[in-house]
Structures are given as C-alpha cells and as structure tokens.
Amino acid sequence: DSGVTQTPKHLITATGQRVTLRCSPRSGDLSVYWYQQSLDQGLQFLIQYYNGEERAKGNILERFSAQQFPDLHSELNLSSLELGDSALYFCASSVGSDQETQYFGPGTRLLVL
Amino acid sequence: GENVEQHPSTLSVQEGDSAVIKCTYSDSASNYFPWYKQELGKGPQLIIDIRSNVGEKKDQRIAVTLNKTAKHFSLHITETQPEDSAVYFCAASLNYGGSQGNLIFGKGTKLSVKP
C-alpha cells in the first residue's frame, strides 16, 4: 500500500458525460501528479500540482482539468467524454516538486460507452 | 521532448535465472531514472531508482546501471522468483523548464518467471 488513495476504483459512463476522479496524496506529500494509462499510449503524464499550484503540464486535453485543494487532495475532471478516454487514471504523490520519488495510487478504471 | 524506448516488450525466464531489461532515452538533460513494477490490477510500485551522478545502484536482487554517455540504463534482476512476474516500466525525468517532476515512461516489459 503506497498511502495514495483514489476514488472511485471503477467508473462506467457514456460519451458526452463529465466525471470527477479524486486523489488523496500520502501524508506529508505536497505534489500530486496525474497519469493516464492506455494500451496504445502507455503511461502518459497529464499534469502536476504542487501545494495547490499547477507545476507542470503534459499531454492533457483541453476537455480535462485538475485542481489541488488546500487539504492537498486533488481532483481530475474529464468532460465531453469520448470512447478513447477509456483508460486507467493514476494519481501519484511526492514530498517535493522536483524529481522526487513518486508513489502511485491504485488507479481509477474509466470505461466510456 | 524526451522519449524513452524500452526492450524487450516481453521476457520469459526460468525461476532462478537472471532478467535484464534495457531502456534508452533521448534527452541528455534527463538525470533521474526510476523503475516501476506493476502487477495486474494495481498501480506502479517503485522498485529502484538512480540519479545521473551514480553509475550503478543495487538493492538485494535488483540492480540498475546507467550509462549517460550512451543514454541508456538497465534493470537487472538476479535469482528470479515467480513473484517477480509483472510488467516493469522504466522512466526518465528532466530537470529544466517546466518539467522538473514529471516522468516519461517506456512502454513496459512483461516479465514471466516460470517455476
């Protein structure tokens, strides 16, 4: 158990809908990262927050957004969902913001029908 | 941007044999290289990492080597056991611009250890 929690574990929804994925980092960690894992693209970095501020941005679609709250938990919002958004979404956390060891959560499996 | 290539995509070994997984990266500014193990239905778990000021690091049956000149790094698992069966990912991290923290992953290697 990495200490990173993610909810929900599974999510099934329809195209065009909007969903919110939630992540709680390990106690004491200030950085949260979001990754998408799909069969064709592998593990891809989406976005990083550090202590409430956006720190780095990767291949995140404009339909996706994230935020980190004062209690350091983070939410990833996915809107106007398409079939191709079906994937595993992982959250990771680290103590600092730069090249720190990242601990991954168990993931949220999203299926868009 | 950074690109990480990982080989082989699948690897099958007999219990007790060694396994080697190799990765190459493209950006010479990368200086942090972690390895993750992912079991079915779980998130990636860090097993070992190495920074660019070190050429080799060992932790019991697992070792990682780094050749910065050639821009490649490798994972070595000795005395493999059936519980080592999983997908292994290498990753690289840059340290400039807005990319100080995020990891660029290889495509993964599915390791099967046969009893």
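Computed from the coordinates by the stated procedures, all read-outs in this text should not be read as laboratory data. Just so it is clear, the structure is predicted and the values come from calculations on it, not from any experiment. Glycine gets a Cβ as well: all are built from the backbone with ideal geometry, and neighbour counts include every protein chain shown.
A few points about this structure:
- Magnitude of the charge dipole, the stretch A:1-60, Cβ model with Lys/Arg +1 and Asp/Glu -1, debye to 20: 140
- In a DSSP loop and with at most 15 other Cβ atoms within 10 Å, the trypsin sites (Lys or Arg not before Pro) in the stretch A:1-93 are A:K9, A:R18, A:R63.
- Value of relative contact order over the stretch A:42-113, rounded to a whole percent, pairs C-alpha under 8 Å and six or more apart: 22
- The magnitude of the dipole of the stretch B:1-67, with charges of +1 and -1 set on the Cβ of Lys/Arg and Asp/Glu and taken from the Cα centre, is near 160 debye.
- With K and R counted +1 and D and E -1, the other residues having a Cβ less than 13 Å from that of A:V32 yield a net charge of -3.
- Quarter of Cα convex hull surface for chain A, i.e. mean projection, nm²: 6.4
- Put in order of Cβ neighbour count within 10 Å, fewest first, the listed residues B:D59, B:D49 become B:D59, B:D49.
- The loop-placed GluC sites (Glu not before Pro) in the stretch A:59-102, going by DSSP, that have at most 12 neighbouring Cβ atoms within 10 Å of their Cβ come out as A:E62, A:E82.
- Here the simple spin-label model places points 7 Å from the Cα toward Cβ, and for B:S12 and A:N59 these points are separated by 3.0 nm.
- Take each residue in B:38-45, count the other chain C-beta atoms within 10 Å of its C-beta, and the mean is 6.
- Counted by Cβ distance under 12 Å from B:G108, the other residues give a net charge of +2, where Lys and Arg count +1 and Asp and Glu count -1.
- Using only alpha-carbon positions in the protein assembly as shown, the gyration tensor eigenvalues give semi-axes of 29, 21, 16 Å once each is multiplied by 5 and square-rooted (largest first).
- For A:96-104, mean number of other protein chain Cβ atoms within 10 Å: 6
- Footprinting exposure proxy for B:K42, B:K22 (fewest neighbouring C-beta atoms within 10 Å first): B:K42, B:K22
- Only Lys, Arg (+1) and Asp, Glu (-1) charged, at Cβ; chain A dipole about Cα centre in debye: 280
- Mean-position separation - Cα centroids, the stretch A:1-57 and the stretch B:55-98, in angstrom: 24
- Counting lysine pairs in the protein assembly as shown whose alpha carbons fall under 14 angstrom apart, excluding pairs fewer than 8 residues apart on the same chain, gives 7.
- Cβ-defined net charge surrounding B:Q6, 15 Å radius [Lys, Arg +1; Asp, Glu -1]: +3
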